[in-house]
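Asks: Have a look at this one.
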């Protein structure tokens, strides 16, 4: 295991600063105890013997089934453009917003 770090209020302040979090002085004791608990749990998990245990499946390994790339609707652009305020050569004309 890596070098052990003793969790102190100074360590919690340093981590909070790195994460750009503001921590009230009154919360430091609770946060220090919480960080110690989390690191103790991680240490317990590292000590578990996982020999012969297969990893769980990963959804990212799955292949997505794709549908065929084919037209399923008829061309209705003339109908849609018939109600547009202005069109030209099959394009919608809109007011200029960038100069």
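No lab work stands behind these numbers, since they all come straight from the coordinates. The shown structure was predicted, so the numbers you read here are calculated from the model rather than taken from an experiment. We place every Cβ from the backbone using ideal geometry, glycine too, and count neighbours over all the protein chains shown.
Asks: If you check residue 47 against the conditions, is it more than 28 Å from the chain's Cα centre (by Cα) and within 30 Å of residue 93 (Cβ to Cβ)?
Replies: Criteria not met by residue 47.
Asks: Follow-up question, since we're still on this one. Can we say residue 39 is touching a residue at least 12 places away in the same chain (Cβ under 8 Å) and touching a helix residue (DSSP H, G or I) at 6+ places or on another chain (Cβ under 8 Å)?
Replies: For residue 39, the condition - touching a residue at least 12 places away in the same chain (Cβ under 8 Å) and touching a helix residue (DSSP H, G or I) at 6+ places or on another chain (Cβ under 8 Å) - is not met.
Asks: Here is a follow-up. Pairs needed: first member in the range 8-19, touching a residue at least 12 places away in the same chain (Cβ under 8 Å) and on the phi > 0 side of the Ramachandran plot; second member anywhere, loosely packed, with under 13 Cβ neighbours inside 10 Å and part of a helix (DSSP H, G or I); C-beta distance under 7 Å; at least 6 residues apart or different chains.
Replies: If the second residue must be loosely packed, with under 13 Cβ neighbours inside 10 Å and part of a helix (DSSP H, G or I), no pairs are left.
Asks: Another one. Any idea which of 93, 41, 66 is within 29 Å of the chain's Cα centre (by Cα) and surrounded by 10 or more Cβ atoms within 10 Å (Cβ to Cβ)?
Replies: 41
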